Amino acid sequence: MSAVKAALPKVAVGKSFVKTGKRGEKKLEVTLVLDGKIVSRMRLNPGTGEIMPRGQDVLAQAVSAPQDQAAKIVQQAIPNLEVAAVGLGKDGEWKVDLTLKKAVVASMNVHGGDGSILPDWKAERDATLY
């Protein structure tokens, strides 16, 4: 938890992108970057531009929220993020949830040995594909 708390002030907004889901629905996502590496992502409602809790899906066939606004919304939300629950992830990593207004909106993975923040490879792959 302390590694993520220390890293949060240094987290910046990365690329915003639109991803198409399995059923053709559009997903608006914004990456979170630390020291040049994508460490997490936040999903926004493609219709309204509001930050959504992790795991919540909206079936939207088009994105009406502007992508440049999405990055600004996440930028304004970063100072309000709080560290919440911690759980053991894969390969001995710690998964630290980040909340906004009591809702989990993102998570970061922390190395179990040295306490460093790990890159989010799936978010990085999606950001380069879209």
**OP:** State which residue pairs qualify: first residue under 17 Å from Leu100 (Cβ atoms) and touching a residue at least 40 places away in the same chain (Cβ under 8 Å) and inside region 64-81, second residue among the polar types (S, T, N, Q) and surrounded by 12 or more Cβ atoms within 10 Å (Cβ to Cβ) in any location, beta carbons under 8 Å apart, and separation of 6 or more residues or different chains.
**Re:** Ala70/Ser16; Ala71/Ser16; Val74/Ser16; Leu81/Thr99
Subject >> Selection status of Leu44, at pLDDT 95 or above and under 11 Å from the mean Cα position of the chain (by Cα) >> reply: yes
Subject >> Number of the exception - Gln61 against (1) open to solvent by 30 Å² or more (accessible area, probe 1.4 Å); (2) on the phi > 0 side of the Ramachandran plot >> reply: (2)
**OP:** Would you tally the residues in region 83-113 being farther than 18 Å from Leu44 by Cα and either in contact with a helix residue (DSSP H, G or I) (Cβ under 9 Å, 6 or more places away or on another chain) or in contact (Cβ under 8 Å) with a residue 40 or more places away in the chain (or both)?
**Re:** 9
Original post:
Which of the residues spanning region 1-57 are hydroxyl-bearing (Ser, Thr, Tyr), open to solvent by 30 Å² or more (accessible area, probe 1.4 Å) and under 18 Å from Asn80 (Cα atoms)?
Top reply: Ser2
Subject >> Cβ pairs under 8 Å, 6+ apart, first in region 12-28 and modelled with pLDDT under 90, second open to solvent by 30 Å² or more (accessible area, probe 1.4 Å) and not charged (D, E, K, R) >> reply: Arg23/Leu59; Gly24/Gln61; Glu25/Val58; Glu25/Leu59; Glu25/Gln61
Original post:
Quick one: would you say Ala123 is surrounded by 18 or more Cβ atoms within 10 Å (Cβ to Cβ) and either under 14 Å from Val33 (Cα atoms) or β-branched (Val, Ile, Thr) (or both)?
Top reply: yes
Original post:
Assuming Gly112 fulfils every condition listed in (1) open to solvent by less than 80 Å² (accessible area, probe 1.4 Å); (2) outside any loop (DSSP other than H, G, I, E, B) apart from one, which condition is it?
Top reply: (2)
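The values are calculated or read from the model by the stated rules, or taken from the named source; none is laboratory data. Computed from a predicted structure; not experimentally measured. No Cβ is skipped: glycine too gets one built from the backbone with ideal geometry, and neighbour counts run over all protein chains shown. Please note that ligands, DNA and RNA were not included when accessible areas were found on the heavy atoms of the full protein model with its side chains. Shrake-Rupley method; radii C 1.70, N 1.55, O 1.52, S 1.80 Å.
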